[in-house]
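Asks: Dropping a structure here in structure tokens format, bear with me for questions.
Quick note: the coordinates plus some simple rules give every number you see, no bench work behind them. A quick note: this is a predicted structure, and the numbers were derived from the prediction, not measured. When we count neighbours, we look across all protein chains shown, and the Cβ atoms used for this are built from the backbone with ideal geometry, even at glycine.
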Amino acid sequence: MMSVTEDSQLVEVEVRPHVRRIRRHRYRATCDCDPTRRTLTAPPPPKLIPKGSYGISIWVHVLLDKYASYRPTERLLGQLEQYDLDLPAGTVNDGFKRIEPMLTPIYEAFCERNRQGSFHQGDETRWRVFVLLDGKNGYGWWLWVVLGVDTVIYLLNPSRGHEVPEAHFGPDASGTLEVDRYSAYKAMALVKSGAMLLAFCWAHVRRDFVGVGKGWPELTPWALSWLRRIRHPYQINRERLQHSLDSVKFQEQQALLCGTVEAMHAEAMQELSDPKLRQPCRKVLESLQEHWTGLTRFVDDSRIPMDNNASEREVRGPALARKNFYGSGSLWSGRLAAMAFSIFATLVRWKLNPRRWLMWYFETCAATGGKTPEDIQPFLPWNLSHERRLELGARDTASSPDNTS
């Protein structure tokens, strides 16, 4: 009998904090010509937090764990204790407060980049900030998200009013903003003047019909018929976007899409003209009619998705963080949260490794005494060279950021 062996591989993970002790040599001048006999000491290693005991990798790990993995810091500290690393919560809090100004210029540059372009998506979610403000009751704030072509920006504000997106975009903005049907977007001065157009989300419209079917069982067949109608343009649009704008296939799907949308509008108008139409159905169709122009902008502009699901996906992480660590305990920590969410989401959009980018940036901050570099332009994703993108873990350096919805 022949003996046969089989090679196998077992992968194990062992995580241990690495404590690096650095010995700084001292030299004492002994030459008779030097009466002062000066002592020369090797310079200390660069530190992100001057006089601190924790290296850059610790701060990168803690920031990513909280603002990219959305875990409460106390849970991470408890895990590190299992590896015999005692990292006091007060030390982390103080370090975060010192790090917040280092990230501010990066965040501001991302905001400026985000304002550019002619198409954006927007959404907002609740966020608690445990500070008292004059004229405001409670701790309920709002975390807004704005998707640009290649950036994701979070804006933390105590208001859910139209002044928040207005302040972000500025008075000279234009283009199209895709959102749900929340009234604050409609109240924006840019929208009222016609400088910015609103595109509305079909996923939210679809939920209206689902709500009718669930709330009134006898109207379920009616709701299902409309859900099938909504599914059809989704299918056509998906096929349309597979082809270039100047191709015959695109033109064929474009004509089919136009006909399907027109037929849907005609059906809605016909049903609304029926005096026997049930009120739940009428309410949904009236909303459809009111928002029709914004809902159909995608037909003539293929850049516009049929829904704003992309922006809703971007708020899922912060919504998870909201449940895990209950918002922010101060204004500076709230600003840090918005900045960290923005920076990490934008880096992912550029297909960069946030850990590698943050290590690189913080090493430069440490080299300048724990301060922001004078020139942040080399760190911005759109300024990176091909070689630097490779070093930072770009998965596909030849492609542009993922703009799919």
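Asks: Regarding the chain, what's the average projected area of the Cα-atom convex hull, expressed in nm²?
Replies: Details: hull surface 148.5 nm².
Computing the convex hull of the Cα atoms and averaging its projections yields 37.1 nm².
Asks: Applying the Karplus parametrisation 6.51 cos²θ - 1.76 cosθ + 1.60 with θ = phi - 60° to the phi angles of segment 156-163, what ³J(HN,Hα) value in whole Hz is obtained for each residue in order, glycine and proline being reported as x?
Replies: With the stated coefficients, segment 156-163 comes to 9, 8, x, 10, 10, x, 5, 5 Hz.
Asks: Working from Cα positions, state the angle (0 to 90°, nearest 10) between the long axis of helix 248-272 and the longest principal axis of the chain.
Replies: 60 degrees
Asks: Per residue of segment 356-369, in order, report the coupling 6.51 cos²θ - 1.76 cosθ + 1.60 (Karplus, θ = phi - 60°) as ³J(HN,Hα) in whole Hz, putting x for Gly and Pro.
Replies: 5, 5, 5, 4, 4, 5, 5, 4, 5, 4, 5, 5, 9, x
Asks: Starting from a Cα-only point model with no solvent, please compute log10 I(q)/I(0) by Debye for segment 225-361 at q = 0.09, 0.12, 0.14, 0.16 1/Å.
Replies: -0.50, -0.75, -0.86, -0.94
Asks: At a 10 angstrom cut-off on C-beta neighbours, averaged per residue, how do the peptides 277-284, 345-352 rank from highest to lowest? Can you show the working numbers first?
Replies: Details: 277-284: 15.0, 345-352: 21.0.
Ranking, from highest mean packing down: 345-352, 277-284.
Asks: Once amide H atoms are built 1.01 Å from N in the peptide plane, which residues 5 or more positions from Trp127, or in another chain, come under 5 Å H to H?
Replies: Trp141, Trp142, Leu143
Asks: Rounded to the nearest Å, what's the spacing between the alpha carbon centres of segment 40-94 and segment 165-237? Just the number, please.
Replies: If we compute the Cα centre of each part, the gap is 44 Å.
Asks: Which whole-Hz couplings ³J(HN,Hα) result when phi for each residue of segment 180-185 is put into the Karplus expression 6.51 cos²θ - 1.76 cosθ + 1.60, θ = phi - 60°, listed in order with x for Gly and Pro?
Replies: These are the phi-based 3J(HN,Hα) values: 7, 9, 4, 5, 4, 5 Hz.
Asks: Another one. Using amide H atoms built 1.01 Å from N in the peptide plane, name the residues 5+ places from Val152, or on other chains, whose amide H lies under 5 Å from its own.
Replies: It is Thr346, by chain and number.
Asks: For Leu331 and Asp84, FRET efficiency with R0 = 25 Å and r from the beta-carbon atoms, rounded to 0.05? Don't skip to the answer; put the middle values down first.
Replies: On the way: r = 35 Å, r/R0 = 1.41.
About 0.10, to the nearest 0.05.
Asks: Give the long-range amide H neighbours of Met196: residues separated by 5 or more places, or on another chain, with amide H under 5 Å away, using H modelled in the peptide plane at 1.01 Å from N.
Replies: Residues meeting the amide H criterion: Val191.
Asks: In Å, the Kirkwood hydrodynamic radius of segment 202-306 over pairs of distinct alpha carbons? Let's see the in-between values first.
Replies: Working: mean 1/r = 0.0686 Å⁻¹.
Across segment 202-306, the inverse of the average 1/r is 14.6 Å.
Asks: Further question: What's the longest uninterrupted piece of the chain once you rule out the GluC sites (Glu not before Pro) that are loop residues per DSSP with at most 12 other Cβ within 10 Å? Each step should come with its number before you reach the end.
Replies: Details: sites that count: Glu6, Glu12, Glu14, Glu374.
That would be 15-373.
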